[in-house]
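Everything below concerns the one structure shown next.
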Amino acid sequence: MEEMKKVLISIKGLPVFAESDDEAFELMTEGEYKQTDDISTFSYIENPFTGQDGLLTTFAVEPDRIVLSRGDEMSSDMIFSEKQKHHFLYNTPFGSVMMGIDTHSIKKNMENDSGNIEIRYDIEVDNVAVSRNLFKINIKSLPQ
């Protein structure tokens, strides 16, 4: 089992059909990375900018899917798997809503303790597509 390594994580998310980059968000933060067999895991603590201050966010990059988990609630895991639709319960301060992730493509290049990921997906609410999105994630090793 590998030890956790310090990394710099950059996550850029944007609607595919955005008129401008104003609708995009970008987060750059320090986090931790671990490689176990064929699963790469990286995590970070959310900050006030994301609206989820203090919450642990983890990405598990598996051979055939990527799982995004926030906190300890398994029901709210976002599962990205090419050509498959996954539903999850999204919790808000006003209650929970059933959402879906319809993943079109995943490109990933993970080596050692760094790499790049690109995920193209649609978000659905009550089985109605509400947005087409793109995640671009970059992980870089930091001095240990």
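The values are calculated or read from the model by the stated rules, or taken from the named source; none is laboratory data. A quick note: this is a predicted structure, and the numbers were derived from the prediction, not measured. Neighbour counts are summed over all protein chains in view; Cβ atoms, including those assigned to glycine, are modelled from backbone coordinates with ideal geometry. Please note that ligands, DNA and RNA were not included when accessible areas were found on the heavy atoms of the full protein model with its side chains. Shrake-Rupley method; radii C 1.70, N 1.55, O 1.52, S 1.80 Å.
Return a yes/no flag: does segment 33-52 have any residue that is more than 15 Å from the chain's Cα centre (by Cα) and at pLDDT 90 or above. Within segment 33-52, one or more residues are more than 15 Å from the chain's Cα centre (by Cα) and at pLDDT 90 or above. Looking at N116, N112, just one residue is at positive phi and touching a strand residue (DSSP E or B) at 6+ places or on another chain (Cβ under 9 Å), and that residue is N112. What's the total number of residues in segment 131-141 that are within 16 Å of H104 (Cβ to Cβ) and either exposed (fewer than 13 other Cβ atoms within 10 Å of the Cβ) or of a type in the set (K, R) (or both)? Total meeting the criteria: 2. Filter segment 103-129 down to the residues that are exposed (fewer than 13 other Cβ atoms within 10 Å of the Cβ) and touching a residue at least 40 places away in the same chain (Cβ under 8 Å) and list them by number. Within segment 103-129, N112 is the sole residue that qualifies. Cβ separations smaller than 6 Å between residues 6+ apart or across chains give the following pairs from segment 34-46 residues that are acidic (D, E) to residues that are surrounded by 17 or more Cβ atoms within 10 Å (Cβ to Cβ) and part of a strand (DSSP E or B): E46/T57.
Scanning segment 65-100 for residues that are open to solvent by 80 Å² or more (accessible area, probe 1.4 Å), of a type in the set (A, V, I, L, M, F, W, C) and modelled with pLDDT of 90 or more yields no hits at all.
Applying the criterion of at least 3 residues that are under 25 Å from V7 (Cα atoms) and not aliphatic (A, V, I, L, M) to the strands (runs of 3 or more DSSP E) found wholly in segment 32-135 leaves 39-45, 56-61, 95-111, 114-125. Whether any residue in segment 124-137 is in contact with a His (Cβ under 9 Å, 6 or more places away or on another chain) and of a type in the set (D, E) is what I want to check. Yes, because at least one residue in segment 124-137 is in contact with a His (Cβ under 9 Å, 6 or more places away or on another chain) and of a type in the set (D, E).
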